[in-house]
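The values are calculated or read from the model by the stated rules, or taken from the named source; none is laboratory data. This is a predicted model, so every value here is computed, not measured. Neighbour counts run over all protein chains shown; Cβ positions are idealised from the backbone, glycine included.
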Amino acid sequence: MIAPHVAQQTWLHRINAGPKLAVLAVTSILLGWMSQWPPLLVACVVILALYVFTISAAGARLKLYRPLAPFLIGIALLQIYTSGWEMALATLLRLVAMIALADLVTATTPMLAMMDALQPLFRLLRPLGLDERRLALAVALMLRFIPVIMSEWNKREEAWRARTGRRPPLRLLAPFLSDVLRLADHAAEALVARGFEMNLTTEKRK
């Protein structure tokens, strides 16, 4: 149910999750600070090139994010209307670069390694009554489920186009969201069946 990381062994797979997440955070901040489209274009090209040369079947994986295209186009059109084409292009390049880099980290990092890297950060929230393992698991699951959910939508979209030759209507969202919730329930049941809840309780008592 949960999309695994890419199994091939590359130089990026051999880097620990902590440094990769740190680079992702710093790069995202730097991309947010950039306001001109030329440096953002360079950054986007570099990240996409790294993505393509690191991940096998990168094109097929990137197709999972096709449902984001209308959202990105909508943002770009709004930016063109309010701030001009240069700001719109900068925003579009920034989002594409961030999405590609985040997926690159996700694809080359096992979920358990990502959880281990996130737990020390979330441990700072323990005084607020929050459990760092639960938070780390929630973030890891969110990153893993994004490609799965988009893949499910792509299947529905392609099936609808094959039957009707038209774009899928909004009424497909209701059954799609129902299936997403069912998928989340199955994931929760799988975690309980594997004793995750019991392990958390045991560790708290220790």
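What to note about this one:
- Contact map, the stretch 20-48: residues that are more than 26 Å from L118 (Cβ to Cβ) and exposed (fewer than 12 other Cβ atoms within 10 Å of the Cβ) paired with residues that are modelled with pLDDT of 90 or more and small (G, A, S), Cβ distance under 7 Å, separation 6+ or inter-chain. Pairs shown: Q36/A90.
- Counted residues, the stretch 144-180 - those being closer than 21 Å to M111 by Cβ and not hydroxyl-bearing (S, T, Y): 9
- Residues within the stretch 112-121 that are hydrophobic (A, V, I, L, M, F, W, C) and surrounded by fewer than 19 Cβ atoms within 10 Å (Cβ to Cβ), tallied: 3
- Condition check for I55: among the β-branched types (V, I, T) and surrounded by fewer than 17 Cβ atoms within 10 Å (Cβ to Cβ): no
- Subset of the stretch 1-43 (residues that are in a loop (DSSP other than H, G, I, E, B), modelled with pLDDT of 85 or more and β-branched (V, I, T)): I15
- When N154 is tested against (1) touching a residue at least 60 places away in the same chain (Cβ under 8 Å); (2) within 24 Å of A25 (Cβ to Cβ); (3) surrounded by fewer than 17 Cβ atoms within 10 Å (Cβ to Cβ); (4) within 17 Å of the chain's Cα centre (by Cα), only condition (2) is not met.
- Filtered residue count, the stretch 84-111, keeping only those that are modelled with pLDDT under 85 and surrounded by fewer than 18 Cβ atoms within 10 Å (Cβ to Cβ): 1
- Boolean, P127 is part of a helix (DSSP H, G or I), loosely packed, with under 14 Cβ neighbours inside 10 Å, out of contact with any Cys (no Cβ under 6 Å at 6 or more places or on another chain) and at pLDDT below 80: no
- Selection within the stretch 66-85 - assigned to a helix (DSSP H, G or I) and within 24 Å of I149 (Cβ to Cβ): L68, A69, P70, F71, L72, I73, G74, I75, A76
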